[in-house]
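Every read-out reported here was derived from the displayed coordinates using simple, explicitly stated rules and does not represent laboratory data. These figures come from a predicted structure and were not determined experimentally. Backbone-built Cβ (ideal geometry, glycine too); neighbour counts: all protein chains shown.
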């Protein structure tokens, strides 16, 4: 993705106050000084649609033929659904049930289909790997994986392949026992709502 487009995405996050600075506990359990609050994008559908239009452009350029867009609950649902709508594809989502990622029941055509995964923000890739594993159990072939923001700066590989992203930044995330923000005594905040404890 071009540098200008990356700058545009970052500007959209900043304008919607979706890029937060502080001391945050991420879904992965790691700590970070920065947090991308995608809910602030989701509550502004006009702005979110502009971002999804850019994502759809990228998907159309390099994704092979597929049937479904699949996203993890909850943050990925609006993003994946809107992408599927614009791509004229089916949509399904996964969720954690008793701490295990599973495809939400009722999606009748997903088994044996081809899909892409669309995630909101990638830090370690843990959620995406869980989605990939539960799709394999449904014999779904995953063509590509996309996200809005890759906090690893392209360092996370899923089955040896990089995740395609609109914005790729190297944002440090610390194990709690080595977190300099903890050592400074800064209050820890766990933003958002996740099924993961």
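Rounded to the nearest 500, what is the 222 nm mean residue ellipticity of the chain from helices alone, with -39500 (n - 2.57) per DSSP H run of 4+ residues and division by all residues?
Theoretical 222 nm ellipticity from helices: -9500 deg cm²/dmol.
If one takes the longest principal axis of the Cα atoms in the chain, at what angle in degrees, from 0 to 90 and to the nearest 10, does the Cα axis of helix 3-15 lie?
So the helix axis and the longest Cα principal axis differ by about 70 degrees.
Enter the angle in degrees (range 0 to 90, nearest 10) between the Cα long axis of helix 75-87 and the first principal axis of the Cα atoms of the chain, meaning the one along which they spread out most.
Value to nearest ten degrees: 40.
How much length is gained if the chain between residue 141 and residue 111 is pulled fully straight, taking 0.36 nm per residue apart and subtracting their Cα-Cα distance, in nm to one decimal? Write down the numbers at each step before the final one.
Details: separation 30, 0.36 × 30 = 10.80 nm, distance 0.93 nm.
Once the chain is fully extended between residue 141 and residue 111, it gains 9.9 nm.
Going by how many other Cβ atoms sit within 10 Å of their own, how do 147, 182, 134 line up, fewest first?
Result, fewest neighbours first: 182, 134, 147.
What FRET efficiency would be calculated for the residue pair residue 182, residue 65, taking the C-beta separation as r and a Förster radius of 45 Å, to the nearest 0.05?
0.40
R0 = 25 Å: FRET efficiency of residue 57 with residue 97, Cβ-based, nearest 0.05? Intermediate results must be reported in sequence, preceding the final value.
Details: r = 34 Å, r/R0 = 1.37.
Efficiency at R0 = 25 Å is approximately 0.15.
How many nm is it between the label spots at residue 50 and residue 157, if each spot is 7 Å from the Cα in line with the beta carbon?
3.6
Please tell me the relative contact order of the stretch 5-159 in percent, rounded to the nearest whole number, where contacts are Cα pairs under 8 Å and at least six residues apart.
18
Could you line up 178, 13 from fewest to most neighbouring Cβ atoms inside 10 Å?
Lowest count first: 178, 13.
Helix 126-137 against the longest principal axis of the chain: what's the angle in degrees, Cα atoms only, rounded to the nearest 10?
For 126-137 against the chain, the angle is about 20 degrees.
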